[in-house]
Amino acid sequence: VQLQASGGGLVQPGGSLRLSCTVSGSTFSNYAMGWHRQAPGKQRELVARINIAGFQNYADSVKGRFTISRDNAKNTVYLQMNSLKPEDTAVYYCNTGWSSPNYWGQGTEVTVSS
């Protein structure tokens with residue numbers, strides 16, 4: 001199973017970005033999917049996840065600002081990030097699985113700075 005993440009970049013505070021993660025090598029619709037992030041000097045943390053039925057779960061720090069979604073026809077999970085803050089700066093990783101991530105993407109870097 002391979003996961004390819006994209007969409008990171010530099011954005012000003014208050015701005016938006018949409019991350020994408022495309023899965024190949026397996027049946028995407030069989031997997032719950034998630035996004036984690038790791039800021040410099042910090043542990044990797046869960047940002048959002050979505051199960052195969054579309055149920056979503058978010059970290060408190062991103063509720064109301066981030067939205068996770070999936071397109072099974074495109075084998076892709078998205079993370080729409082709005083009202084970005086400097087503390088959202090991190091490398092974002094997509095993963096398969098709900099409580100026990102098993103496959104990971106390579107990470108895409110998000111920097112929120114003026």
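The values are calculated or read from the model by the stated rules, or taken from the named source; none is laboratory data. Since this is a predicted model, take the numbers as computed values, not measurements. Neighbour counts run over all protein chains shown; Cβ positions are idealised from the backbone, glycine included.
Criterion applied to T22, T27 was being among the β-branched types (V, I, T) and at pLDDT below 95, and the one residue passing it is T27. Taking the range 50-60 as the range and being surrounded by 10 or more Cβ atoms within 10 Å (Cβ to Cβ) and either part of a loop (DSSP other than H, G, I, E, B) or touching a Pro at 6+ places or on another chain (Cβ under 9 Å) (or both) as the test, the residues that pass are N51, I52, G54, F55, A59. The single residue among G41, G15, G34 that is among the small types (G, A, S), within 16 Å of N102 (Cβ to Cβ) and either surrounded by 14 or more Cβ atoms within 10 Å (Cβ to Cβ) or more than 11 Å from the chain's Cα centre (by Cα) (or both) turns out to be G34. Exactly one residue out of S61, S29, S69, S83 is under 21 Å from G9 (Cβ atoms) and in contact with a helix residue (DSSP H, G or I) (Cβ under 9 Å, 6 or more places away or on another chain): that is S61.
Candidates in the range 77-86 are the residues that are more than 11 Å from the chain's Cα centre (by Cα) and under 16 Å from A48 (Cβ atoms); of these, the one that is surrounded by the most Cβ atoms within 10 Å (Cβ to Cβ) is L84.
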